[in-house]
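A.B. asks: Dumping the structure here so I can ask a few things about it.
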Amino acid sequence: MEEIAPGMFHWTAFHDGIRQQVHSYYIPGAAALIDPMEPDEGLDWFAERVPPERILLSNRHHYRHSGRFVDRFGSRVLCHKAGLHEFHGGPAVEGFEFGKQVAPGITAQEVASICPEESALYIEGGGGALSVADGVVEWPGRTGLTFVPDGLLGDAPEGVKEGLRAAYRRITDELEFETLLMAHGNPVTGGARDVLRAFVTEGSS
């Protein structure tokens, strides 16, 4: 567990399903987890601090180890309502809407490219932070920010990438943040808004 900014924790864990290390975050001030795997320190790490009251999924594919936290702490799991079909018949997941506060000091921002529920989570305080799902990543064998490979972007990858660029341009126009929290990549700490803006403005692929 690494405190990458005051009140903001990051860790990595191996995801058996995709055979990659993935990244998770905890914001104690909001009692909120983002896309959680269980860390090496185990769930006791959270019990000894501020137990998580809610789990925020940046898209429907990031449930990960949420069930372990639900069983231990009774945490609520939330995903944008467009992704709730993934959980028909369980596990229990509540829907949220873009533009709404989903935890104290955290609001859901619309991305809605790659999948309709693709979200960015804006975290206030400490210079601001933006958590992103699969829309921008670090990918093995590539340097810096990138998109996932075209084969993971459906039948019209260029259209999906243009939708992502437009969404992140709008977000960087509207919001100030110093930290970028990626579900698939190391966080960018310091100047993250400019880094993300440069990536989507340059038309990188």
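A.B. asks: Can you find a residue that is assigned to a helix (DSSP H, G or I) and within 28 Å of Arg76 (Cβ to Cβ) anywhere in the stretch 120-142?
C.D. replies: no
A.B. asks: A further question on this structure: Of all residues being part of a helix (DSSP H, G or I) and either within 16 Å of the chain's Cα centre (by Cα) or at pLDDT below 95 (or both) in the stretch 173-197, which is farthest from Gly7 (Cα to Cα)? Just the residue, please.
C.D. replies: The extreme case among them is Leu196.
A.B. asks: Give all pairs with beta carbons closer than 8 Å in which a residue from the stretch 1-23 that is hydroxyl-bearing (Ser, Thr, Tyr) meets a residue that is outside any loop (DSSP other than H, G, I, E, B); count only pairs at least 6 apart in sequence or on separate chains.
C.D. replies: Thr12/Gln21; Thr12/Val22; Thr12/His23; Thr12/Ser24
A.B. asks: Using the structure shown, decide if Leu196 is under 19 Å from Gln109 (Cα atoms) and not polar (S, T, N, Q).
C.D. replies: So Leu196 fits the description; yes.
A.B. asks: Return the residues of the stretch 152-205 that are hydrophobic (A, V, I, L, M, F, W, C), within 26 Å of Thr12 (Cβ to Cβ) and surrounded by fewer than 15 Cβ atoms within 10 Å (Cβ to Cβ); say none if nothing qualifies.
C.D. replies: Scanning the stretch 152-205 gives Leu152, Ala198.
A.B. asks: Specify which of the listed residues (Arg49, Arg60, Arg54) is open to solvent by 80 Å² or more (accessible area, probe 1.4 Å) and on the phi < 0 side of the Ramachandran plot.
C.D. replies: None of the other options fit; the residue is Arg49.
A.B. asks: Given the conditions (1) in contact with a strand residue (DSSP E or B) (Cβ under 9 Å, 6 or more places away or on another chain); (2) closer than 28 Å to Pro149 by Cα; (3) open to solvent by 60 Å² or more (accessible area, probe 1.4 Å); (4) in contact (Cβ under 8 Å) with a residue 12 or more places away in the chain, and given that Asp35 satisfies all but one, which numbered condition is not satisfied?
C.D. replies: (3)
The values are calculated or read from the model by the stated rules, or taken from the named source; none is laboratory data. Treat the numbers as computed from the prediction; the structure is a model and nothing was measured. With ideal geometry, Cβ positions are generated from the backbone for all residues, glycine too; neighbour counts draw on all protein chains shown. These accessible areas exclude ligands, DNA and RNA; they are computed on the full protein's heavy atoms, side chains included. Shrake-Rupley method; radii C 1.70, N 1.55, O 1.52, S 1.80 Å.
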